[in-house]
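The values are calculated or read from the model by the stated rules, or taken from the named source; none is laboratory data. Just so it is clear, the structure is predicted and the values come from calculations on it, not from any experiment. Cβ sites come from the backbone with ideal geometry, for glycine too, and all protein chains shown count toward neighbours. When the accessible area is computed, the model is the full protein with side chains, heavy atoms only, and any ligands, DNA or RNA have been set aside. Shrake-Rupley method; radii C 1.70, N 1.55, O 1.52, S 1.80 Å.
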Amino acid sequence: MKHNKQHTSLLITALKKGDERAFKTIYESNKKPLSAFINSYTKNQAQTDDIVQDTFIKLWNAKEGIDENISLGGFLCKIAYYTFIDTFRKKKREQSMLDVWQYKKLMLLVKEESDIKKEKIHLIEKAIEKLPPKCKEIFVMSKFEQLKYAEIAEQLGLSIKTVEVQMGKAFSIIRKEVNKSGLFNLFLHFSGLFFLKKKGLGHPS
């Protein structure tokens, strides 16, 4: 035991003088037990390897101030443990920053999409407002009240053929108004919703 302590003391003395062979000996003797120690915390071999490497780099950089009488194994474990803590805190901080960035990015996309949809819906509403009164009434009953052509015809006292013709006319007018903006497919997507009712676009009086 005394021999080992003296040997360690000599290695540290040599290390303090910048002896790379002493550093290599210390590295080879302590790498495996240090790795096992840190891996009990990380449970991740790649992270363990990084911490062990950083630990020996720190040992080399701080070599001039090392006490020759220290327990080298304990000293290395202490460096490794604090390196692990620093790494853990850094990763936690980075993850927190990443979460914030991702959230902000998501919110921005949602806002942009919402703004775009609002503008597109506004354009579609304007196009529907340009429909002739009877045509608009039939269109709203079909697309926003989800009534079948036969139901519309019965309620308005029209033939089903007339309803079909008016619907064709409505689509033609709307297509002409919004197709230049590439919005007709979007209109079809929204046509089953009830946003027109919320906007006050009911049957014309």
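The set of residues in segment 137-155 being closer than 19 Å to Ile173 by Cβ and over 43 Å from the mean Cα position of the chain (by Cα) consists of Glu137, Ile138, Tyr149, Ile152. Can you say whether Glu154 is of a type in the set (Asp, Glu), open to solvent by 100 Å² or more (accessible area, probe 1.4 Å) and modelled with pLDDT under 75, as far as the supplied structure shows? No. Does Val52 satisfy the criteria of being among the hydrophobic types (A, V, I, L, M, F, W, C), within 36 Å of the chain's Cα centre (by Cα) and modelled with pLDDT of 90 or more? Spelling it out, Val52 is indeed among the hydrophobic types (A, V, I, L, M, F, W, C), within 36 Å of the chain's Cα centre (by Cα) and modelled with pLDDT of 90 or more.
So in segment 50-65, with the set limited to residues that are part of a helix (DSSP H, G or I) and without any contact (Cβ under 8 Å) to a residue 12 or more places away in the chain, which one is nearest to Leu34 (Cα to Cα)?
Restricting to residues being part of a helix (DSSP H, G or I) and without any contact (Cβ under 8 Å) to a residue 12 or more places away in the chain, the top hit is Gln53.
The single condition from (1) modelled with pLDDT under 85; (2) open to solvent by 80 Å² or more (accessible area, probe 1.4 Å); (3) not aromatic (Phe, Trp, Tyr) that Lys148 fails is (1). Taken over segment 68-86, the criterion of being touching a residue at least 24 places away in the same chain (Cβ under 8 Å) and either part of a helix (DSSP H, G or I) or more than 18 Å from Ser29 (Cβ to Cβ) (or both) is satisfied by Leu72, Gly73, Leu76, Cys77, Ile79, Ala80, Tyr81, Thr83, Phe84. Please tell me if Lys63 is surrounded by fewer than 16 Cβ atoms within 10 Å (Cβ to Cβ) and modelled with pLDDT under 90. No, not satisfied.
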